Structures are given as structure tokens and as C-alpha cells.
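Handing you a structure now.
The values are calculated or read from the model by the stated rules, or taken from the named source; none is laboratory data. Since we're looking at a predicted model, the values are computed, not measured. Here the Cβ is made from the backbone with ideal geometry for all residues, glycine too, and neighbour counts use every protein chain on show. Heavy atoms of the whole protein, side chains included, go into the accessibility calculation; ligands, DNA and RNA do not. Shrake-Rupley method; radii C 1.70, N 1.55, O 1.52, S 1.80 Å.
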Amino acid sequence: MLLSVLAADVKILSDHKDREITNITSSSQKTVPGGVFVCISGALFNGAEFVPEALSRGASVIVTEKDIGIKEQLIVELYSK
């Protein structure tokens with residue numbers, strides 16, 4: 001599926017190139033070539049710490065809520081209700 005279809009209802013704050021996506025995960029260990037790695041900040045870990053591993057496993061897009069200084073990032077606005 002194309003990134004533009006997956007992110008159709010998401011407010012994107014960064015430039016991005018549309019591409020075919022193979023999977024979506026928040027686990028760097030489950031990232032596959034062409035996949036999306038979603039950085040989630042939790043009580044114990046910050047997903048941004050695992051970006052290098054996700055990229056080494058072939059992630060083509062890194063979803064994050066703030067700029068982490070990489071070209072593969074897709075910065076999104078998070079909504080809290």
C-alpha cells in the first residue's frame with residue numbers, strides 16, 4: 001500500500017516522498033525492508049533510540065512526533081482526546 005493512502009487522515013508536518021509500504025511496526029526487531037517504523041515514547045523507552053536498528057533492517061520511513069534529523073522521517077502531529 002502507498003504511504004499516501006496509509007497517512008491520508010494524519011496531519012504530516014514534514015516533507016515526504018510517496019512510496020510503497022511493506023509493513024508497519026513499532027518494534028525495530030520486526031522491521032523489514034520497505035517498512036514503516038513508528039517511534040513511540042513510553043515510560044521505559046523512547047522509540048527514537050531504536051531508529052538505527054530499524055534503518056539497518058531496511059525501514060524506508062520512520063514516523064515520529066518531532067524532528068530527529070534523518071531524511072527518512074515522517075513527522076506527524078499527535079492528537080490527544
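Along the positive direction of the dipole of the chain (beta-carbon charges: Lys, Arg +1; Asp, Glu -1; about the Cα centre), which of 2, 12, 25 reaches farthest?
25
Quick one: with all protein chains in place, what share of the accessible area of region 16-81 is carbon or sulfur, to the nearest percent (1.4 Å probe)?
55 percent
Relative contact order of the chain, please, whole-number percent, based on alpha carbon pairs below 8 angstrom and at least 6 residues apart.
28 percent
Could you calculate the contour length gain from residue 77 to residue 27, that is, 0.36 nm times the residue separation minus the distance between their Cα atoms, to one decimal place in nm?
15.9 nm
Another one. Taking the Cα centre as origin and putting +1 on Lys and Arg beta-carbons and -1 on Asp and Glu beta-carbons, what dipole magnitude results for the chain, to the nearest 20 debye?
Result for the chain is approximately 100 debye, rounded to the nearest 20.
Residue 68 to residue 8: extension gain in nm, 0.36 nm per residue of separation minus the Cα-Cα distance?
Gain in length upon complete extension: 19.4 nm.
Under 1.5 on a/c is rounded, so check that first for region 9-81, then, if it is not, pick prolate when a/b is larger than b/c and oblate when it is not; a ≥ b ≥ c are the square roots of the alpha carbon gyration tensor eigenvalues.
oblate
State in Å² the accessible area per residue of the chain; use a 1.4 Å probe, count heavy atoms of protein chains only, and round to the nearest integer.
66 Å²
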